[in-house]
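Read through the structure below, which is laid out as structure tokens, and then see the notes.
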Amino acid sequence: MLLSILIPNYNGKDLLKKNIPSIRTALEFAGVSHEIIIVDDCSTDSSIEFLQQNYPEIIVLKNDVNLGFSKTCNHGIARCKGIYTLLLNSDIELSQTYIQKCLSHFTNDNIFAITGIAIDNSSQPQTTGVLYRKGLFTIKKYANHHDNETHFVSGANSIYDTAKLKQLNGFNPIFSPYYFEDDDLSYRAMLKNWKSYFIKDAVCFHQGSASIKSAASKRKIKRTYFRNKMIFNRLHSGASTSIFNNKLLALDIFPKVCLGKIWIWNSYNDYKFLTK
């Protein structure tokens with residue numbers, strides 16, 4: 001069995017230097033054949049030189065222009081040869097047993113992905129799976145405390161069935177540069193009745209959107225987040241475009257504007273432009 005490890009990178013030299021050793025340790029513990037693919041999204045630091053000098057066995061792909069998370073991952077997914085693909089953010093440090101425990105839960109052909117717990121420095125780290133339910137207007141998320149099945153797997157630290165990942169054409173590039181692309185991918189897998197599982201005893205450590213925060217202002221991050229949340233709900237709510245947009249304006253946009261949150265109007269305009 002071949003495992004592909006895919007890491008999108010943008011100015012992540014220091015993160016790669018810190019976290020690649022944990023990947024190699026986890027691979028050695030799992031005892032699996034593997035390939036490591038890093039797709040560089042036009043970094044301006046010395047990421048590529050660092051990799052070439054210290055890890056010549058790693059396959060380095062280079063984007064011609066900065067593409068953002070979704071398109072960068074899709075560039076790498078197309079090159080993955082493994083039966084399974086571990087998609088990792090550069091700011092993820094793996095525990096020694098992470099890969100072995102995740103792979104052990106691929107027990108039948110209907111499984112799409114396995115994800116573990118990502119511990120960060122927040123007061124409420126991820127401790128459970130997430131289930132989706134379609135509401136009248138939005139896709140709602142619910143914490144899943146009853147078993148380890150989940151509808152959501154994070155693009156930061158999950159192992160996917162590569163064939164299924166390619167069948168879904170990877171991430172939808174409409175969500176570029178970041179946010180909600182993994183929600184959308186997970187939801188599309190759920191609609192095919194493929195199963196995903198959250199494994200609490202598979203542990204990794206996440207610095208918490210370090211790569212995003214290093215590249216974007218808080219204002220841009222917030223604008224992009226809410227834009228993509230609108231896109232995600234528009235794609236999957238089942239409502240017509242006109243009904244969805246009218247409800248969005250009445251129930252979300254106008255109330256926020258009245259409260260002085262003028263920034264939401266920029267997110268809405270971005271959403272309208274991308275979904276017209």
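The values are calculated or read from the model by the stated rules, or taken from the named source; none is laboratory data. These numbers come from a predicted model, not from an experiment. Reconstructed Cβ throughout: ideal geometry from the backbone, glycine too, with neighbour counts over all protein chains shown.
Values for this structure:
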| quantity | calculated |
| --- | --- |
| Top-ranked residue of segment 211-233 - restricted to ones that are assigned to a helix (DSSP H, G or I) and surrounded by fewer than 18 Cβ atoms within 10 Å (Cβ to Cβ), ranked as modelled with the highest pLDDT | Y225 |
| Candidates A250, A239, A202 - the one that is assigned to a strand (DSSP E or B) and over 17 Å from the mean Cα position of the chain (by Cα) | A202 |
| Candidates N66, N110, N19, N74 - the one that is over 21 Å from N157 (Cβ atoms), out of contact with any His (no Cβ under 7 Å at 6 or more places or on another chain) and at pLDDT 95 or above | N110 |
| Any hit, segment 44-52, residues being in contact (Cβ under 8 Å) with a residue 12 or more places away in the chain, assigned to a strand (DSSP E or B) and hydrophobic (A, V, I, L, M, F, W, C) | no |
| Matching residues, segment 1-59, being small (G, A, S) and at positive phi | G31 |
| Segment 56-114 - residue that is within 21 Å of P177 (Cβ to Cβ) and of a type in the set (D, E, K, R) and, of those, surrounded by the most Cβ atoms within 10 Å (Cβ to Cβ) | D91 |
| Residue in segment 171-184 that is of a type in the set (V, I, T), in a strand (DSSP E or B), assigned by TED's automatic domain parsing to the domain that holds E93 and touching a residue at least 12 places away in the same chain (Cβ under 8 Å) present | no |
